[in-house]
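Participant: Below are the structure tokens for one structure; questions will follow.
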Amino acid sequence: MNRALLTAFVLTLAVPAAAPAIAQETLSPEQVTAFNAAVADFNAGQKAQQAGDHAGALAKYEAALPAIRAAVAAQPDNIDYVSFLANALYLTGAANAGAQKMDAVAPLYEESLPLWRKVVAAKPADAQSKMILSSLLIQVANAKLGQQDKAGALTYYNEALPIARQAVATAPNPQNRNLLLGGLIGASQASDDPAIKEEAATLSKAMLADGSVDAANKPAAEILGAASPAT
């Protein structure tokens with residue numbers, strides 16, 4: 001019942017990210033020039049990705065990343081720069097997935113996690129950023145679970161699940177419920193905790209019954225939904 005990276009789900013979350021204004025006093029003239037070029041590459045990458053040209057998007061994003069990383073290094077507390085790099089890494093990972101370069105996806109998502117945590121801390125009311133953070137945590141956990149690193153996977157599932165549960169409590173739509181279910185499915189494989197297994201089984205049964213379970217979660221949900229209650 002191993003889980004693959006939920007790359008298809010992440011692609012449905014991808015939204016255009018605006019490049020921040022340059023704080024020129026913190027960057028050298030060379031860095032400003034490089035940052036401007038990175039913004040142009042990033043925008044071109046988004047256009048290519050939205051058109052289904054994942055290889056073209058990947059080339060543009062990879063060209064943009066060094067200057068965006070340099071901007072964050074120069075001003076790590078600039079939340080606009082942090083958010084820009086978080087989005088760039090996120091979309092680069094999605095472009096790699098679209099280009100079937102799966103080994104590159106999880107490291108990019110893992111690199112982005114500290115950035116997304118800072119974004120969520122700075123903007124606690126931003127439900128979209130919380131959803132992306134939870135999704136990326138689950139995907140990194142899934143990658144570790146696929147490598148049989150259950151302890152490492154569980155650390156990320158345990159961080160993701162409270163965020164996902166809160167999202168469902170606030171807005172119990174199919175997207176939020178599938179995000180939570182995906183995390184519970186993975187956590188139920190990484191952990192022997194009967195409460196997690198019961199929560200995963202209960203949500204699986206409910207979502208199978210109302211038809212809201214998505215294609216990525218359905219095979220595992222059907223197994224969990226048919227399981228006997230934990231004792």
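The values are calculated or read from the model by the stated rules, or taken from the named source; none is laboratory data. Because the structure is predicted, anything quoted here is derived from the model rather than measured. Note that each Cβ is placed from the backbone with ideal geometry, even for glycine, and that neighbours are counted across all protein chains shown.
Participant: Scan segment 99-146 for residues that are within 22 Å of residue 65 (Cα to Cα), in contact with a helix residue (DSSP H, G or I) (Cβ under 7 Å, 6 or more places away or on another chain) and not hydroxyl-bearing (Ser, Thr, Tyr) and report the count. Step through it out loud before you land on a result.
Facilitator: Keep residues of segment 99-146 that are within 22 Å of residue 65 (Cα to Cα), which gives 99-120, 129, 132-133, 135-137, 139-140.
Still in the running and in contact with a helix residue (DSSP H, G or I) (Cβ under 7 Å, 6 or more places away or on another chain): 99, 104-106, 108-113, 115-120, 129, 132-133, 135-137, 139-140.
Applying the additional criterion that residues be not hydroxyl-bearing (Ser, Thr, Tyr) yields 99, 104-106, 108, 110-111, 113, 115-120, 132-133, 136-137, 139-140.
Result for segment 99-146: 20.
Participant: To continue, here is another question. Condition first: touching a residue at least 60 places away in the same chain (Cβ under 8 Å) and small (Gly, Ala, Ser). Now tell me which residues in segment 179-196 satisfy that. It would help to see each step written out before you state the result.
Facilitator: Taking segment 179-196 as the starting set, the residues that turn out to be touching a residue at least 60 places away in the same chain (Cβ under 8 Å) are 179, 182, 185-186, 189.
Selection gives 182, 186.
Participant: Looking at (1) at positive phi; (2) in contact with an Asp or Glu (Cβ under 6 Å, 6 or more places away or on another chain), can you tell me which one residue 178 breaks?
Facilitator: Only one criterion is unmet by residue 178, namely (1).
Participant: Turning to a different aspect of this structure: Hey, any hits in segment 173-187 for a residue that's more than 13 Å from the chain's Cα centre (by Cα) and not in a helix (DSSP H, G or I)?
Facilitator: Yes; the residues of segment 173-187 include at least one that is more than 13 Å from the chain's Cα centre (by Cα) and not in a helix (DSSP H, G or I).
Participant: Determine if segment 102-119 includes at least one residue that is in a helix (DSSP H, G or I), of a type in the set (Val, Ile, Thr), assigned by TED's automatic domain parsing to the domain that holds residue 42 and modelled with pLDDT of 95 or more. Walk me through it before giving the result.
Facilitator: Applying the first criterion (in a helix (DSSP H, G or I)) to segment 102-119 yields 102-119.
Then keep just the ones that are of a type in the set (Val, Ile, Thr); that gives 105, 119.
With the extra rule that they be assigned by TED's automatic domain parsing to the domain that holds residue 42, the set shrinks to 105, 119.
Filter again for modelled with pLDDT of 95 or more, leaving 119.
Yes, that holds for at least one residue.
Participant: Something else about it: For residues that are in contact (Cβ under 8 Å) with a residue 24 or more places away in the chain and part of a helix (DSSP H, G or I), scanning just segment 197-218, find the one that is surrounded by the most Cβ atoms within 10 Å (Cβ to Cβ).
Facilitator: Per the criteria, the residue is 200.
Participant: If residue 110 passes every condition in (1) without any contact (Cβ under 8 Å) to a residue 40 or more places away in the chain; (2) under 21 Å from residue 199 (Cα atoms) but one, which one does it miss?
Facilitator: Result: residue 110 fails condition (2) only.
Participant: So residue 117 fits all but one of (1) more than 19 Å from residue 168 (Cα to Cα); (2) out of contact with any His (no Cβ under 7 Å at 6 or more places or on another chain); (3) buried (at least 18 other Cβ atoms within 10 Å of the Cβ); what number is the exception?
Facilitator: (3)
Participant: Suppose the filter is surrounded by fewer than 17 Cβ atoms within 10 Å (Cβ to Cβ), assigned to a helix (DSSP H, G or I) and either touching a strand residue (DSSP E or B) at 6+ places or on another chain (Cβ under 9 Å) or not hydroxyl-bearing (Ser, Thr, Tyr) (or both); does residue 96 pass it?
Facilitator: Details: surrounded by fewer than 17 Cβ atoms within 10 Å (Cβ to Cβ): no; assigned to a helix (DSSP H, G or I): yes; either touching a strand residue (DSSP E or B) at 6+ places or on another chain (Cβ under 9 Å) or not hydroxyl-bearing (Ser, Thr, Tyr) (or both): yes.
So residue 96 does not fit the description; no.
Participant: Let me ask you something else. If a residue must be over 17 Å from the mean Cα position of the chain (by Cα) and polar (S, T, N, Q), how many such residues does segment 49-99 contain?
Facilitator: Looking only at that region, the number is 3.
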